[in-house]
Amino acid sequence: MTTSADNNSNGQPAKITAIPSETLEILEHKLERRPTREELQSHNVLKTSNVAPALQAKAEELKHRKLEDTLEKKLENRPPKSALVEHNILKNTNVAPALQAKEEELKRNKLEDALEKKLEHRPPKSELVEHNILKDTNVAPALQAKEEELKRSKLEDSLEKKLEHRPTRDQLEEKHIIVQ
């Protein structure tokens with residue numbers, strides 16, 4: 001058993017109190033398991049602050065008021081509902097909020113049905129190739145533009161060579177191709 005002594009107001013030793021060793025062991029065990037200051041701060045039990053403990057409550061109150069003021073200013077400057085609808089942030093609907101999700105789902109289903117109908121009536125690839133809407137090629141779509149560019153360049157070169165060897169007007173008249 002351990003004893004502890006305190007001085008009373010006279011400076012005389014106070015009555016000696018005995019603390020059972022079992023209680024001391026429990027107390028020591030609890031003190032060993034006590035969380036550190038950092039753990040308490042990470043769980044928001046203690047505030048992380050450089051302010052003196054006596055001023056922490058006032059600092060928190062000031063922080064809360066500052067947040068209220070900021071929120072109030074933002075609410076005063078928020079855009080009108082029409083601007084939010086225009087930017088697709090809010091939906092322009094007269095449906096109750098509880099039914100808005102179902103309304104969106106219905107719109108999406110209608111859109112899917114319309115798209116399916118259009119795809120059913122879409123002309124086959126052969127018809128699109130026939131009308132020169134699609135190119136009949138085995139080249140990957142990413143390379144089709146380059147293929148067209150190459151074909152055009154080859155055609156220009158061929159045409160340029162033929163124009164270089166083109167007979168003059170006099171030569172054509174000699175061969176009686178052009179009559180004067």
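The values are calculated or read from the model by the stated rules, or taken from the named source; none is laboratory data. Nothing here was measured: the structure is a model prediction, and the numbers come from that model. Quick reminder, even Gly has a Cβ in these numbers, built from the backbone with ideal geometry, and neighbours come from all protein chains shown. We work out accessible area using only protein heavy atoms, side chains counted, and drop any ligands, DNA or RNA first. Shrake-Rupley method; radii C 1.70, N 1.55, O 1.52, S 1.80 Å.
Dipole of the stretch 51-169, Cα-centred, from +1 at each Lys and Arg C-beta and -1 at each Asp and Glu C-beta, to the nearest 20 debye?
260
Quick one: check the C-alpha center-to-center distance for the stretch 97-121 versus the stretch 134-154, whole angstrom.
37
Would you kindly derive the ³J(HN,Hα) couplings of the stretch 64-78 from the backbone phi angles with the Karplus curve 6.51 cos²θ - 1.76 cosθ + 1.60 (θ = phi - 60°), listing them in order in whole Hz, with x for Gly and Pro?
So the J values, rounded to whole Hz, are 5, 5, 4, 5, 4, 4, 4, 5, 4, 5, 5, 5, 5, 9, 5.
Between the helical axis of 141-164 and the dominant principal axis of the chain, each derived from Cα atoms, what acute angle in degrees is found, rounded to the nearest 10?
30
Each label point is 7 Å from the Cα along the Cα-to-Cβ direction; what then is the distance between the points at Leu31 and Thr48, in nm?
Between Leu31 and Thr48, the simple spin-label model gives 2.9 nm.
On a 0 to 90 degree scale, rounded to 10, what angle separates helix 100-120 from the longest Cα axis of the chain?
20
Cα axis of helix 21-33 to longest principal axis of the chain: angle in degrees, 0 to 90, nearest 10?
Helix 21-33 sits roughly 20 degrees off the main axis of the chain.
Note down the relative contact order for the chain as a percent, whole number, built from C-alpha pairs under 8 angstrom at least six residues apart.
6
With the other protein chains left in place, how much accessible area per residue, in square angstrom, belongs to the stretch 56-180 at a 1.4 angstrom probe?
Accessible area per residue: 100 Å².
What's the longest bit of the chain with no exposed trypsin sites (Lys or Arg not before Pro), using DSSP loop states and at most 11 other Cβ atoms within 10 Å as the test?
Maximal segment without exposed cleavage sites: 16-174.
Sum -39500 (n - 2.57) across every DSSP H segment of at least 4 residues in the chain, then divide by the residue count to get the 222 nm mean residue ellipticity, nearest 500.
The helix-only estimate for the chain comes to -18500 deg cm²/dmol at 222 nm.
Give me the lysines in straight-line cross-link reach of Lys162: C-alpha distance below 28 Å, same-chain residues under 8 apart excluded.
Lys162 reaches Lys135, Lys146, Lys151, Lys154, Lys175.
Rounded to the nearest 0.05, what FRET efficiency do His64 and Glu39 have when you use their Cβ-Cβ distance and R0 = 41 Å?
Numbers: r = 25 Å, r/R0 = 0.61.
After rounding, the FRET efficiency stands at 0.95.
How large, in percent, is the carbon and sulfur part of the accessible surface of the chain at a probe radius of 1.4 Å?
C and S atoms contribute 53 percent here.
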